[in-house]
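Everything below concerns the one structure shown next.
The values are calculated or read from the model by the stated rules, or taken from the named source; none is laboratory data. For clarity, every value in this text was computed on a predicted model and none was experimentally measured. Here the Cβ is made from the backbone with ideal geometry for all residues, glycine too, and neighbour counts use every protein chain on show. Accessible surface is based on the protein model in full, side chains and every heavy atom, while ligands, DNA and RNA are left aside. Shrake-Rupley method; radii C 1.70, N 1.55, O 1.52, S 1.80 Å.
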Amino acid sequence: MALLPNRFEQYSNNKVMMASPAELTLMLYEGAIKFCNIAMIGLEHRDMEKAHNNIVKTEKIIRYLRETLDMKYPVARDFENIYVYLDRRLVEANMKKDKEILREVCDHLRAVRDTWKEVMRLNRKG
């Protein structure tokens, strides 16, 4: 007998499959913030493996966001600069196991996410 996926997993899969590109980008920002926060918790508890693994997850999301930029739009250059900076800071945070750098990255991610949410809201009105 085949096992049915649990309801949360099914909901999560449906949420991703039904999301617009803008909503998927928002989900990526949310994921990056979540992993960055988990990495900070890992450092607080001296769990270096947890910190490292979650910094790497955050890096992968930032790199994916950078790779998928559509450079035909002038604003893409601004996002690329932000992503390059965040990626560099994440590498530094991982090497130094520095919670303050992670806090800075997380603050930047929240600001970009909040700006993205506002753009989404304005486009729905438009």
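Some observations on this one:
- Rounded to whole Å, the principal axis extents of the Cα atoms in the stretch 46-105 read 44, 17, 14, largest first.
- Taking the charge dipole of the chain about its Cα centre, with +1 at Lys and Arg Cβ atoms and -1 at Asp and Glu Cβ atoms, the residue from THR58, MET18, LEU69 reaching farthest to the positive side is MET18.
- Kirkwood hydrodynamic radius (C-alpha pairs) into Stokes-Einstein, the stretch 79-126, 20 °C and 1.002 mPa s, D in µm²/s: 181 µm²/s
- Panel note: the C-alpha atoms of the chain, placed on their principal axes, show extents of 53, 43, 22 Å (largest first).
- Packing order of peptides 99-105, 69-75, 116-122, highest average first: 99-105, 116-122, 69-75 (average count of other Cβ atoms within 10 Å over each peptide's residues).
- Rolling a 1.4 angstrom probe over the stretch 27-126 with all protein chains present gives an accessible area of which 54% lies on carbon and sulfur atoms.
- Net +/- balance of residues flanking ASN37 in space, Cβ distance below 12 Å, scoring K and R +1, D and E -1: +3
- Set of aspartates and glutamates near LYS57 by C-alpha distance (under 19 Å), chain-local residues within fewer than 8 positions excluded: GLU30, GLU44, ASP47, GLU49, GLU67, GLU80, ASP87, GLU92, ASP98, GLU100, GLU104, ASP107
- Debye-formula intensities of the stretch 12-75, expressed as log10 I(q)/I(0) at q = 0.24 Å⁻¹, are -0.97 (one equal scatterer per alpha-carbon, no solvent).
- Within the chain, the selection of entire DSSP H helices by a Cα span of 24 Å or greater along the long axis and an average Kyte-Doolittle value of at least -0.5 returns 21-44, 75-96.
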